[in-house]
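Step one of this worksheet: look at the structure below.
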Amino acid sequence: MKSILAGLVATLFLWGCGIEEAVRRNDDRYARPGAMDSPLTGIYNTYQFHLLDRYSVTHQWLESGCRYRGVERKEITSGARSRFFVGRDIYEENGKTWLRFEGMTPFDFDRYVRSVKYTSKERGREGEVIDIGFRPLCFESWWVTSHFLRGMLYKRDLASWRAIQTEKNPKGKWSERRVGGNLWLVQETAEQDFNPRPLNGVGGPFQTWLLPIGDTGYTLGMEMGASRESLQYPDAHARFQATFRHLIESVKIEPLRP
């Protein structure tokens, strides 16, 4: 009996070690840079919102999602379930931008469309107003290939945006490109001028597409980032460009009827 118990204990001990080893290997797999990179599935979410009660804006994004608040409407595309979100109305009041919730407190949308500022309480910097920039509405990055995609809606005109982008990326060349009914202002960096991967980051200046929304003062921006390391993955680099082109083609801006 003792030998049987001893064998059982040894078996359980080894089995436990096996579980711990499996857990460790799984943890290591997800700890590797790029292990959580999302695949390009070809399935896109659609977002639609009203801006200042004057324009309807529609665009698509990857399955990862964007930070609009809205109501989902089910859509079926090519046998696969995509998601269609009707977003809350975006409006201005008292010098700020809000999402409208009927019968409820509106959502402060400034952090996405205006440069976010806060008053420091740090010792020695008390009362100093610190500008921490914008938060992207839509963002996805891929560590292995050093790419990122970013979607933006800023309260910023084209002239201001062009000046800022030119200062940030003087190697980028500007042009106008018409896609469908939209005339975009585009800054593009040639692949031979790509920067190395940033420290602890991904991507770098590649393509930034800017589209003003009527005369509202708001501009829709779509950006694809890449670095020298991205060129080591030519097939993936081509797929990312095709995906980005699809996002550009998906944008529709339509005036609302009075």
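We did not get these values from a lab; they are worked out from the coordinates using the rules stated. Bear in mind that the values here come from a model prediction, so they are computed numbers and not experimental data. Quick reminder, even Gly has a Cβ in these numbers, built from the backbone with ideal geometry, and neighbours come from all protein chains shown.
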Relative exposure of VAL113, VAL57, judged by other C-beta atoms within 10 Å (fewest first): VAL57, VAL113
Order of TRP98, TRP142 - criterion: other Cβ atoms within 10 Å of each residue's Cβ, fewest first: TRP98, TRP142
Environment charge of TRP209, counting only residues whose C-beta is closer than 15 Å and scoring Lys/Arg +1, Asp/Glu -1: +4
Convex hull projection area averaged over all views, segment 44-255, Cα basis, nm²: 14.5
³J(HN,Hα) computed for each position of segment 151-158 - Karplus, 6.51 cos²θ - 1.76 cosθ + 1.60, integer Hz, glycine/proline x: x, 9, 9, 10, 7, 7, 7, 5
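Determine the gain in length on full extension of the stretch LEU199-ALA159; use 0.36 nm per residue of separation and subtract their C-alpha separation, reporting nm with one decimal.
11.4 nm
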Estimated distance in nm for a label pair at GLU63 and GLN232, the labels positioned 7 Å out from Cα along Cα-to-Cβ: 2.7
Exposure proxy ranking, count of Cβ atoms within 10 Å, fewest first, for ASP215, ASP53, ASP110: ASP215, ASP53, ASP110
